[in-house]
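Here's the structure we're looking at; comments come further down.
The values are calculated or read from the model by the stated rules, or taken from the named source; none is laboratory data. As the structure is a computational prediction, the values presented were derived from the model and not from experiment. Cβ sites come from the backbone with ideal geometry, for glycine too, and all protein chains shown count toward neighbours.
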């Protein structure tokens, strides 16, 4: 069995359980809070996810260089990398959080949140995810996917437990977001305990900070672009549409997040896998296409369900009040599937220092943003714009990649 096949199976199992727990929680919140408050909840989740994805280079950089160092047996360098990145992330992340506090009230008014606590809880999610990205990046780079699965499943389970207690007691959107914060605090403690055995018997070794910085900037551009593609449309919907329409768009958006969860194991796998293939001078295109094929095969089941039974799914999951979201579901699912394939393509290139793919990816997002600034009159118009722009971007990126695959890595 190919290594990427075995690892895909392991990650898919863990992330599949996480997906079920996450979806149960999202649906529960929607049913308990109603359409208008659910618009606040889904927008806050989209905002936090957008920022967390944009800050993904922390995780990706740690994973990329951990994979390279561990392949060469240099775990002391992994230890140094983890400690130094953690110090900087905790320090600068806290500073950024404090600097961002003055925009809480303007953001609350702009997005139409019913309470400033919604935005405050979203800020908490962003900072804690930033901290958590370091230990999770180490687990990815070491390919300790059993521990990685435990980590993410624990977060989803803790969020569900805390969320049910908070939402039942308070019946407010901010309470649903606060559950994310509590779960992340718990998982941060567990993450550091998981890594103790990795460092045992190893002393810190010097790392090449210049090589890490040269890799991080393009990765920031990649993740910021991915964040915009995956979550920007929900922010446009909340800003331009009435609360009831935004709530329907949010319900469809939350349901198709199952595709994002299915993409997670392949995104998690792609970066260290391609980095190792390049470090060893082995074939690139075959493993890349196999990983994409596995994702498409897995995603075909929920995609078909969204096409064939959208009305039934919306009513059964959220209730009759959300039935108006049914026409959006299939198109939004197709757009997300195409977008995640673009992510895999860009990630495979960036992980092997092939940064020219960003010359296609970044303009693709710019086109989508400009199009949404012009065409946003209804949920159907927004989803049509998203589908069209992501299809064109994915086709262009895949063509560029296959025309000139990445070469062998240089020693860092």
How about the stretch 345-376: which of its residues are at pLDDT 90 or above and outside any helix (DSSP H, G or I)? 375, 376
Surrounded by fewer than 20 Cβ atoms within 10 Å (Cβ to Cβ) and within 27 Å of residue 270 (Cα to Cα): is that true of residue 285 in this structure? yes
Across the stretch 52-83, which residue is surrounded by the most Cβ atoms within 10 Å (Cβ to Cβ) among those that are out of contact with any helix residue (DSSP H, G or I) (no Cβ under 8 Å at 6 or more places or on another chain) and assigned to a helix (DSSP H, G or I)? 80
I'd like to know if the stretch 296-314 contains one or more residues that are within 19 Å of residue 36 (Cα to Cα), over 21 Å from the mean Cα position of the chain (by Cα) and touching a residue at least 12 places away in the same chain (Cβ under 8 Å). yes
Qualifying position, being in a helix (DSSP H, G or I) and over 30 Å from residue 109 (Cα atoms), among 191, 169, 253: 191
Filtered residue count, the stretch 95-114, keeping only those that are over 24 Å from the mean Cα position of the chain (by Cα) and not in a helix (DSSP H, G or I): 2
Condition first: buried (at least 22 other Cβ atoms within 10 Å of the Cβ), within 30 Å of residue 379 (Cβ to Cβ) and modelled with pLDDT under 85. Can you find one or more residues in the stretch 208-224 that meet it? yes
Can you tell me how many residues in the stretch 333-351 are over 17 Å from the mean Cα position of the chain (by Cα) and farther than 15 Å from residue 296 by Cβ? 1
Step by step: first the residues of the stretch 317-334, then only those that are modelled with pLDDT of 90 or more and surrounded by 23 or more Cβ atoms within 10 Å (Cβ to Cβ), then the one that is farthest from residue 246 (Cα to Cα). Which residue is that? 333
Within the stretch 118-132, work out how many residues are closer than 22 Å to residue 23 by Cα and either within 17 Å of the chain's Cα centre (by Cα) or free of Cβ contacts under 8 Å to residues at least 60 places away in the same chain (or both). 8
